[in-house]
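Engineer: Below is a structure I'd like to ask you about.
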Amino acid sequence: MSTPSSDHLGDLAAAGVSIWLDDLSRGRLTSGGLAGLIRNQHVTGVTTNPSIFQAAITSGSDYDTQLASLAAGGATADDAVFAMTTDDVRSACDLFAPVAAATDGVDGRVSIEVDPRLAHETGPTIEQAKALAAAVGRDNVLIKIPATLAGLPAITAVLAEGISVNVTLIFSLERYRAVMNAFIEGLERAHEAGHDLARIHSVASFFVSRVDTEIDARLDAIGTEAARELKGKAAVANAQLAYQAYEEVFSTPRWRSLADEGARPQRPLWASTGVKDPALPDTLYVTGLVAAGCVNTMPEKTLRAVADHGTVAGDTITGSYAAAQATLDAIEDLGVSYTDVVDKLEREGVAKFEQAWEALLADVAGALGRD
């Protein structure tokens, strides 16, 4: 009889889930903390977003020297933020370069997001995505583009240029299918343009915890026993059905023709995996979403929780599709509109990142003496 493993993160990686950290700061880079997570905790990538950079740059003194140099050079707040964030991402890409080499580029990835104020503008998103890719200048960077309606054609256009993309702020199953279509169309165009498809990578960041936060609040308002029994179940069910859609799309003849040319599938990435409700298990959005070919990007608090007690018992997604659909149907039957929920979450997600970016720019302008 085998003894249970004590390396829960190792078990997660062995099940086919890539473990990425949802955080980046200069302090993590210079202190060796991020290198330690790569070495000891199976971390194989990093994701960032405007809120993460706002917290990193406006806390402590790690960026003071660069800010002083930028101020002396007459940089604007936008210029300074672009320089600081691309510098951090470039350094992280270099740190993860051995992981990228060992996995043929599948892991060892570092994400940087386009200016969130461009979320509803296709052309400017394309141009900034290209500018970010050029500024970072590393093959293992992923440019994050939101899955708004304006973002979808931008995703296609950027991939068509041979640039790897992390599609972010996906909440609904319908939009996720549109994202996968945008990805495939982008690869088709890249192939026509002569790009090596094997060098183009992509993940689709499907947000998890915020779905429970919004739906559970509505279930609380209903207040019945049936409503209470469904709390904490919608987010995992939604993600499980997303994985079902992923399996369907990447088994079609259209996809197989690209795969024959060396294309890699766009992997589902579980984002927003930190549990917001203390009544729920703190590893729920990790241990409940285990299947081969996924990425799970976690804040360090969740990473530590999984390491301590996140027992991984194998695949927890495939085979659960009927139950997942029944869960969402039961919630809809109680009067909670799935469409209304996911539309609201997208609006709020874009707004949250816009607010963080504006706050960051204001703080940096003050540090530069430009306020």
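The values are calculated or read from the model by the stated rules, or taken from the named source; none is laboratory data. Since the structure is predicted, the reported quantities are computational estimates derived from the model, not experimental observations. A quick note on method: Cβ atoms are made from the backbone with ideal geometry, for glycine too, and the neighbour counts reach across all protein chains shown.
Engineer: Read through the list (1) within 16 Å of the chain's Cα centre (by Cα); (2) surrounded by 24 or more Cβ atoms within 10 Å (Cβ to Cβ); (3) farther than 23 Å from residue 354 by Cβ, then give the number of the only condition that residue 155 fails.
Structural biologist: Tallying (1) within 16 Å of the chain's Cα centre (by Cα); (2) surrounded by 24 or more Cβ atoms within 10 Å (Cβ to Cβ); (3) farther than 23 Å from residue 354 by Cβ, residue 155 fails exactly one: (3).
Engineer: Count, please, the residues in the stretch 319-346 that happen to be in contact with a Phe, Trp or Tyr (Cβ under 7 Å, 6 or more places away or on another chain) and in contact (Cβ under 8 Å) with a residue 24 or more places away in the chain. Step through it out loud before you land on a result.
Structural biologist: Our first condition is that a residue be in contact with a Phe, Trp or Tyr (Cβ under 7 Å, 6 or more places away or on another chain); within the stretch 319-346, this holds for 328, 332, 342, 345-346.
Okay, now just the ones that are also in contact (Cβ under 8 Å) with a residue 24 or more places away in the chain, so 328, 342, 345-346.
Residues in the stretch 319-346 being in contact with a Phe, Trp or Tyr (Cβ under 7 Å, 6 or more places away or on another chain) and in contact (Cβ under 8 Å) with a residue 24 or more places away in the chain: 4 in total.
Engineer: While we're looking at this one, here's another question. From (1) polar (S, T, N, Q); (2) touching a His at 6+ places or on another chain (Cβ under 8 Å); (3) surrounded by 14 or more Cβ atoms within 10 Å (Cβ to Cβ), pick out the condition that doesn't hold for residue 320.
Structural biologist: (2)
Engineer: Next up: Only residues that are within 16 Å of residue 166 (Cα to Cα) and β-branched (Val, Ile, Thr): list them for the stretch 88-121, please.
Structural biologist: Residues satisfying the conditions are 89, 106, 110, 112, 114.
Engineer: Could I ask something else about it? Go through the stretch 116-125 and count every residue that is in contact with a helix residue (DSSP H, G or I) (Cβ under 7 Å, 6 or more places away or on another chain) and either within 23 Å of residue 54 (Cα to Cα) or assigned to a loop (DSSP other than H, G, I, E, B) (or both).
Structural biologist: The number of residues fulfilling the criteria is 6.
Engineer: Restricting attention to the stretch 176-218, and to residues there that are among the acidic types (Asp, Glu) and over 19 Å from residue 240 (Cα atoms), which single residue is surrounded by the fewest Cβ atoms within 10 Å (Cβ to Cβ)?
Structural biologist: At the first step, the residues of the stretch 176-218 found to be among the acidic types (Asp, Glu) are 185, 188, 192, 196, 212, 214, 216.
Now drop any that are not over 19 Å from residue 240 (Cα atoms), which leaves 185, 188, 192, 196.
Values: 185: 18, 188: 19, 192: 9, 196: 12.
Once the filter is applied, the top-ranked residue is 192.
Engineer: Taking into account only those residues within the stretch 282-306 that are free of Cβ contacts under 8 Å to residues at least 24 places away in the same chain and in contact with a Ser or Thr (Cβ under 8 Å, 6 or more places away or on another chain), which is surrounded by the fewest Cβ atoms within 10 Å (Cβ to Cβ)?
Structural biologist: Applying the filter and picking the extreme gives 282.
Engineer: Quickly run through the stretch 8-31 and pick out the residues that are of a type outside the set (A, V, I, L, M) and either closer than 16 Å to residue 99 by Cα or in contact (Cβ under 8 Å) with a residue 24 or more places away in the chain (or both).
Structural biologist: 8, 10, 11, 16, 18, 20, 22, 23, 25, 26, 27, 30
Engineer: Output the residue which, of all residues in the stretch 127-163 that are polar (S, T, N, Q) and in contact with a Gly (Cβ under 8 Å, 6 or more places away or on another chain), is farthest from residue 105 (Cα to Cα). I'd like the intermediate steps shown before the answer.
Structural biologist: As a first pass, look at the stretch 127-163 and keep what is polar (S, T, N, Q): 128, 140, 148, 156.
Still in the running and in contact with a Gly (Cβ under 8 Å, 6 or more places away or on another chain): 140, 156.
Values: 140: 7, 156: 20 Å.
Per the stated criteria, the residue is 156.
Engineer: Failed condition for residue 195, given (1) in a loop (DSSP other than H, G, I, E, B); (2) under 18 Å from the mean Cα position of the chain (by Cα), with all others met?
Structural biologist: (2)
Engineer: For the stretch 241-264, which positions are surrounded by fewer than 18 Cβ atoms within 10 Å (Cβ to Cβ) and among the charged types (D, E, K, R)?
Structural biologist: 247, 248, 254, 256, 260, 261
Engineer: Quick check on this structure: which one of 76, 148 is crowded, with 19+ Cβ neighbours inside 10 Å and of a type outside the set (D, E, K, R)? Full working, then the answer.
Structural biologist: Numbers: 76 fails: crowded, with 19+ Cβ neighbours inside 10 Å.
Only one candidate qualifies: 148.
Engineer: Also, quick follow-up: Could you identify the single residue in 117, 28 that is of a type in the set (D, E, K, R), surrounded by 19 or more Cβ atoms within 10 Å (Cβ to Cβ), within 26 Å of residue 202 (Cβ to Cβ) and under 23 Å from the mean Cα position of the chain (by Cα)?
Structural biologist: 28
Engineer: Here is a further query. Among 325, 266, which is more than 18 Å from residue 205 (Cα to Cα) and either of a type in the set (A, V, I, L, M, F, W, C) or at pLDDT 95 or above (or both)?
Structural biologist: Testing whether each residue is more than 18 Å from residue 205 (Cα to Cα) and either of a type in the set (A, V, I, L, M, F, W, C) or at pLDDT 95 or above (or both) leaves just 325.
Engineer: Let me confirm something: among 99, 110, 106, which residue is in a strand (DSSP E or B), touching a residue at least 12 places away in the same chain (Cβ under 8 Å) and on the phi < 0 side of the Ramachandran plot?
Structural biologist: When all the criteria are applied, what remains is 110.
Engineer: Which one of these is of a type in the set (Asp, Glu) and under 22 Å from residue 20 (Cβ atoms): 212, 220?
Structural biologist: Working: 220 fails: under 22 Å from residue 20 (Cβ atoms).
Unique residue meeting the criteria: 212.
Engineer: State which residue is nearest to the chain's Cα centre (by Cα) when the search covers only the stretch 31-67 and only residues that are closer than 19 Å to residue 94 by Cα and of a type in the set (Gly, Ala, Ser).
Structural biologist: Checked the stretch 31-67; the qualifying residue nearest to the chain's Cα centre (by Cα) is 45.
Engineer: Further, regarding this structure: It is to be established whether one or more residues within the stretch 127-139 are of a type in the set (Lys, Arg), surrounded by fewer than 21 Cβ atoms within 10 Å (Cβ to Cβ), modelled with pLDDT of 95 or more and in a helix (DSSP H, G or I).
Structural biologist: Taking every residue of the stretch 127-139 in turn, at least one turns out to be of a type in the set (Lys, Arg), surrounded by fewer than 21 Cβ atoms within 10 Å (Cβ to Cβ), modelled with pLDDT of 95 or more and in a helix (DSSP H, G or I).
Engineer: Are any of the residues in the stretch 311-320 under 17 Å from residue 246 (Cα atoms), assigned to a helix (DSSP H, G or I) and not hydrophobic (A, V, I, L, M, F, W, C)?
Structural biologist: As a first pass, look at the stretch 311-320 and keep what is under 17 Å from residue 246 (Cα atoms): 315-320.
When the remaining residues are screened for being assigned to a helix (DSSP H, G or I), the result is none.
Looking for residues that are under 17 Å from residue 246 (Cα atoms), assigned to a helix (DSSP H, G or I) and not hydrophobic (A, V, I, L, M, F, W, C), one finds none in the stretch 311-320, hence no.
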